[in-house]
Structure formats: structure tokens, C-alpha cells
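> Would you mind keeping the following structure in view while I ask a few things?
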Amino acid sequence: QVQLVESGGGLVQAGGSLRLSCAASGRTFNRMGWFRQAPGKEREFVATINWWNGVNRYYSDSVKGRFTISRDNAKNTVDLQMNSLKPEDADVYYCAADSGLVRTSRASDYNYWGQGTQVTVSS
């Protein structure tokens with residue numbers, strides 16, 4: 001059974017940091033990503049990492065320079081380090097995974113999803 005379990009969400013003041021972690025089990029993947037979604041809005045791409053041919057990272061413009069995605073092969077986890085958080089970063093964050101090889105920011109390209117973790121940023 002494939003499972004993606006997120007952890008690390010919470011409340012932080014603007015300018016602060018949080019680290020999200022996603023633990024994958026049940027199968028192997030070639031790419032994983034983070035998305036976020038506000039109520040009534042579409043799921044928004046945040047960052048993705050793939051490792052089938054070297055490690056490649058890709059970020060949305062809104063988080064580039066502030067967020068870092070990383071992978072721990074031994075633990076089969078993908079983390080999202082979020083620094084300099086802004087109130088507009090507050091959302092439910094979802095981990096996604098897939099066996100595809102091409103870098104993608106489209107939510108529809110990911111077949112497996114976690115349950116989401118809430119990030120709240122106070123101003």
C-alpha cells in the first residue's frame with residue numbers, strides 16, 4: 001500500500017521558518033513534489049525534485065530563494081525547508097509522488113498524494 005505522510009506544519013510568525021517532511025512507503029518513486037492549496041482555489045505548485053538522472057530541483061517563482069526541497073534516500077523522505085515565510089504562504093501543503101522521469105509542476109502528473117499539513121503564518 002502506497003502511503004505519503006506529511007509532517008511539520010504549524011503556526012509561525014511572518015519571517016520565520018518551518019520544515020515539512022514527507023515520508024513515502026509502499027513503492028519507489030522518481031520524483032516528488034510539494035503543492036499547496038487554499039480553500040476554494042486550485043492546487044498550486046511549490047517545488048519538485050527528481051533523481052532518476054542526478055538530482056534536479058525546480059521551484060515556483062513565488063518561493064524561489066526562500067524554500068529548499070531535499071531528499072533523503074536512506075529514509076525515503078522529501079523535505080521542504082521554508083524560510084522567510086509570508087502570510088501569503090499560509091495554506092494546506094501536500095506532498096506528491098510519481099514514477100515519471102520528467103520534471104513537472106502539474107498536479108495532474110502526480111499519482112500519489114499525502115493527506116496535507118496546515119501551514120499558518122501570522123503577520
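> By a straight-distance test (C-alpha under 18 Å), which lysines pair with residue 64 as possible cross-link partners, with residues fewer than eight away in the same chain excluded?
Reachable lysines: 86.
> Search the structure for amide H atoms under 5 Å from the amide H of residue 91, placed 1.01 Å from N in the peptide plane, and list their residues when 5 or more places away or on another chain.
Answer set, sorted by chain and number: 119.
> Let me ask something else. Which length gain, in nm to one decimal place, applies between residue 76 and residue 57 when the Cα-Cα distance is subtracted from 0.36 nm times their residue separation? Don't skip to the answer; put the middle values down first.
Values: separation 19, 0.36 × 19 = 6.84 nm, distance 1.65 nm.
This chain segment gains 5.2 nm when fully extended.
> Please list, in order, the residues from segment 46-74 whose amide nitrogen is less than 18 Å from a point placed 7 Å along the Cα→Cβ vector of residue 99.
50-53
All of the numbers you see were taken from the coordinates with simple rules; none came from a lab. Since the structure is predicted, the reported quantities are computational estimates derived from the model, not experimental observations. Note that each Cβ is placed from the backbone with ideal geometry, even for glycine, and that neighbours are counted across all protein chains shown.
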